[in-house]
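Following: one structure in structure tokens, then a few remarks.
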Amino acid sequence: MTDPFLRLLPPAADDPPDAQRVLATGSTAGPWFPDGQHMGPPSALLVRALERCAPRAEMVLSRLTVEVLGRVPMGELTVTSRVERAGRTIELVVAELAASGRAVARASGWRLGVTDTTAAATAPGPGLPGPDEGRVIPTPEGWLPGYLDALDWRWLAGHLGESGPGRAWGQLRVPVVEGEEPTPWQRLAAVADSTNGAAARLDLNDWLFVNTDLTLHVHRPPRGEWIGLDADSVIGPEGAGTAFSVLHDEHGPVGRAAQALTVRPR
């Protein structure tokens, strides 16, 4: 897998000034449908838009929520962003992803002012064993190629073909945007959207358990290229479920992820 997730395209004549057009490659293809993206790459693209929206060195992104409004197709997409609520120490930025003029995903992020809270910092909990201690396990039958092949997965416990909780490290093998080094936050979003897959309780060949959103809360900015998931999920009796994980980098826990799942037989 050598293609980046996304390639930048020149703007169209009628695009607003802040719009960015991109081309989503086959590396974004999700495991569910051959014509739809895994939400990891769109989430990373939306993070990129938030990071580039009126950036301020004294503010850090502390919460990201991505709402999935429909299947995100491969091909040409447009992303826009704006400051929704400006503030000196707290501000809200939002971004939208559209395909053929129709919104397919939206993101919002709270940025908080940087202050020195070293004296008040609490222990975040134990870290995961490092990526070198994980196993490389072939993708099981039924999980479509694309996004899953664009990451280097190292499994500490469980794997995609095994029901139950999962602990894994993921590292991007391709850029989010061609010619750019992904930021740690982009890497975090790209991997964290695999929480429901890492903690699958159902067989993908028999069931759909697709996330309708992704929310990340972090207590410190992520660092480095590897993102770890300590994930689990719960399936309810009426077509809904939840997936959740503690997020790690190689320096320890950085925050938590949560997803709402829509569950139905294939």
- request: Return only the number of the condition from (1) open to solvent by 40 Å² or more (accessible area, probe 1.4 Å); (2) part of a loop (DSSP other than H, G, I, E, B); (3) in contact with a Pro (Cβ under 9 Å, 6 or more places away or on another chain) that residue 202 does not satisfy.
  value: (3)
- request: Among the residues of segment 235-252, write down those that are in contact with a Gly (Cβ under 9 Å, 6 or more places away or on another chain), over 18 Å from residue 193 (Cβ atoms) and either open to solvent by less than 40 Å² (accessible area, probe 1.4 Å) or in a strand (DSSP E or B) (or both).
  value: 235, 252
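Looking at this structure, is residue 106 of a type outside the set (Val, Ile, Thr) and touching a helix residue (DSSP H, G or I) at 6+ places or on another chain (Cβ under 9 Å)?
Criteria met by residue 106.
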- line: Picked from segment 30-65 (must be of a type in the set (Gly, Ala, Ser) and more than 14 Å from the chain's Cα centre (by Cα)), the residue surrounded by the fewest Cβ atoms within 10 Å (Cβ to Cβ) is 57
query: Looking only at strands (runs of 3 or more DSSP E) that fall completely inside segment 25-140, which ones have 3 or more residues that are within 25 Å of residue 173 (Cα to Cα)?
result: 59-68, 75-85
- line: residue 223 vs (1) out of contact with any helix residue (DSSP H, G or I) (no Cβ under 6 Å at 6 or more places or on another chain); (2) charged (D, E, K, R); (3) not in a strand (DSSP E or B): all pass except (1)
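Listed here are the residues, each with its yes/no results for (1) open to solvent by less than 10 Å² (accessible area, probe 1.4 Å); (2) of a type in the set (A, V, I, L, M); (3) modelled with pLDDT of 95 or more.
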| residue | (1), (2), (3) |
| --- | --- |
| 112 | no, yes, yes |
| 134 | no, no, yes |
| 182 | no, no, yes |
| 185 | no, no, yes |
| 188 | yes, yes, yes |
| 191 | yes, yes, yes |
task: Report yes if residue 181 is in a loop (DSSP other than H, G, I, E, B) and within 24 Å of residue 66 (Cβ to Cβ), otherwise no.
output: yes
query: What is the one condition in (1) open to solvent by less than 30 Å² (accessible area, probe 1.4 Å); (2) touching a residue at least 12 places away in the same chain (Cβ under 8 Å) that residue 87 does not satisfy?
result: (2)
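The values are calculated or read from the model by the stated rules, or taken from the named source; none is laboratory data. Bear in mind that the values here come from a model prediction, so they are computed numbers and not experimental data. Backbone-built Cβ (ideal geometry, glycine too); neighbour counts: all protein chains shown. Ligands, DNA and RNA are stripped out before the accessible areas are found, and what is left, the full protein with its side chains, is counted by its heavy atoms. Shrake-Rupley method; radii C 1.70, N 1.55, O 1.52, S 1.80 Å.
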